[in-house]
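Engineer: Please find one structure pasted underneath; my questions will follow.
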Amino acid sequence: MPSGAFDWQPYGPYLAESRVARFMAAHNIATWRELIDRSTQDIDWFWPAALDFLGVEWVQPYHRLYDDSLG
């Protein structure tokens, strides 16, 4: 299989009704490529937004989800 190829891709009602499609609509994200770009370029936005959208609750609130201060 060529690099970047997929065995299966969602389409039709399955895709339109998926959680990821609803997440994208809630954040005005038009394409899956835009979602990937935004999620990797702005992880401080993405993870809190995704966790909130999914309804994840923490016993203790976190202060920072990702720490790259040590390199």
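The values are calculated or read from the model by the stated rules, or taken from the named source; none is laboratory data. This structure is a prediction, so every number in the text was calculated from the model and none was measured. Cβ coordinates were reconstructed from backbone atoms using ideal geometry, including for glycine residues, and neighbour counts include every protein chain displayed. SASA here: full protein model, heavy atoms, side chains in, ligands and nucleic acids out. Shrake-Rupley method; radii C 1.70, N 1.55, O 1.52, S 1.80 Å.
Engineer: Scan the helices (runs of 4 or more DSSP H) fully inside the stretch 1-60 and keep the ones with 3 or more residues being in contact with a Lys or Arg (Cβ under 8 Å, 6 or more places away or on another chain).
Structural biologist: Helices (runs of 4 or more DSSP H) meeting the threshold: 43-54.
Engineer: From the list 21, 5, 25, 50, which one is touching a helix residue (DSSP H, G or I) at 6+ places or on another chain (Cβ under 8 Å) and without any contact (Cβ under 8 Å) to a residue 12 or more places away in the chain?
Structural biologist: It is 21.
Engineer: Is it the case, given these coordinates, that residue 66 is open to solvent by 100 Å² or more (accessible area, probe 1.4 Å), modelled with pLDDT under 95, part of a helix (DSSP H, G or I) and out of contact with any Ser or Thr (no Cβ under 7 Å at 6 or more places or on another chain)?
Structural biologist: no
Engineer: Okay, next question. If you go through the stretch 33-47 one residue at a time, how many are among the aromatic types (Phe, Trp, Tyr) and touching a residue at least 12 places away in the same chain (Cβ under 8 Å)?
Structural biologist: 1
Engineer: Can you tell me which residue is least open to solvent (accessible area, probe 1.4 Å) among those in the stretch 14-45 that are within 12 Å of the chain's Cα centre (by Cα) and aromatic (Phe, Trp, Tyr)?
Structural biologist: 23
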